[in-house]
Amino acid sequence: MTQEVKLTAKPGEVEFPKGLEGIIARESTKSFVDGQKGWLIYHGFTIEELCKNSTFEEVSYLLLHDKLPTKAELDAFKGELKQYREIPDGVYDLIASVARYNVHPMAILRTAVSALALYDDEADDASWDAQERKALKLIARMATISAAIGRARGDLEFVHPRSDLGHAANFLYMLLGEEPDDLLERVMDVILILHADHGCNASTFTSIVIASSQSDLYSAVTGGIGSLKGPLHGGANERAMAMLDEIGEPEEAERKTLDKIAKKEKIMGFGHRVYKAYDPRAAMLKGYADEITKRAGTEKWLRMAEIIERVMIEKLGEKGIFPNVDFYSGVVMSSMGIERALFTPIFATARVSGWVAHVLEQLADNRIFRPRFIYTGPMEEKYIPLEERS
């Protein structure tokens, strides 16, 4: 039975969960977050198990198909992704033309992904086969676009994709201009796996709302990028690194953190709308941070981060304030030689797998999203002719 809802009221008269907090949007088989226990599960597999044993390509297959692939299926899936890696010359030209003006990388990414639709004859083809092909194209090409943005920002020549490298290794090759060693490839794979999906987050919800109107997949993913661009969703790892710069030295970390707590200032990289326990993604990245920072000579960042974590847990852990994925991902990616402005595009390079998986899930049982507002404005205003208004 449909519950009758009061849709007109005085401001503040009707209570409702702002931001749709706790409201169920749909059923999903893709991922599950238990914030109280600190769990993240992709279709039954813990994030820890997947990071230890899997690859981003296999995780993308899992999210799309709700099962782990056989070797033959995974080989075919990887082959399709490799086939779709290259982007049109017009998209390269677009990236080069705007990057020189110091445009926000996420704005370039949003526009470039939207532009991909102009070069795809299947952009508006709603058949299931076409939708699946577009999903694979977006997973493959998001990495190429993000790497190209990084090259253009550094006024460097574009590095085109190679078909003999895995997804993570190829991304680093296109971005940094040299083939990564096994450790860097593995860490990038882990970063992509950790960010691939995360329940009904803001950007995923944006994507499925757009898709629910039967708009095209490129529009849905472009909308997801637009949502991720917001500082309350993506980009906190960049600001966490700015905080470490502000603190300066490990010897100052405890005092300055305590000072920020006393002033009730936001400590970047801590707290989460869902997690009230230690974010398992942060724990995974912290496990790689020691070796990565030693190799890069950036141990100072890790020492500061560990001191800040200790102080924060001592003072605010009982309130459920723990490190989130952004706190250590910034330290790790910076130590890999990745420009901070690219952190959120890399987030999108991973999350596109979740976006397209959820969009296809939505389309398989679609109903357009149509919530309601509670109207708190006047009901019977008298129209006054323009010449009589004071």
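Here, each number is a calculation from the coordinates, and none is a lab measurement. Quick caveat: nothing in here was measured; it's all calculated off a predicted structure. When we count neighbours, we look across all protein chains shown, and the Cβ atoms used for this are built from the backbone with ideal geometry, even at glycine.
Calculated over the range 214-264, the projected area of the Cα convex hull averaged across directions stands at 4.9 nm². With neighbours defined as other Cβ atoms within 10 Å of a residue's Cβ, the residues V325, V98 order from fewest to most as V98, V325. To the nearest whole percent, what portion of all C-alpha pairs in the range 24-102 is separated by more than 16 angstrom? I get 65 percent for the Cα pairs in the range 24-102 exceeding 16 Å. Residues R295, R85, R153 in ascending order of nearby Cβ atoms (within 10 Å, fewest first): R295, R153, R85.
In the chain, the inverse of the mean reciprocal separation of distinct Cα atoms equals 22.4 Å; this is its Kirkwood hydrodynamic radius.
With contacts taken as Cα pairs under 8 Å at a separation of at least 6 residues, the chain carries a relative contact order of 24 percent. For the chain, modelled as a GNM whose springs connect Cα atoms under 10 angstrom apart, the maximal fluctuation among D216, D279, D164 occurs at D164. The longest part of the chain holding none of the exposed loop GluC sites (Glu not before Pro), meaning those outside H, G, I, E and B in DSSP with at most 13 other Cβ atoms within 10 Å, is 28-156. Computed over the alpha carbons of the range 127-169, Rg followed by Dmax gives 12.9, 40 Å. Please compute the Cα-Cα pair-distance distribution of the range 252-377 with 10 Å bins starting at 0, giving whole percents from short to long. Calculated P(r), rounded to whole percents: 11, 31, 28, 17, 10, 2, 0.
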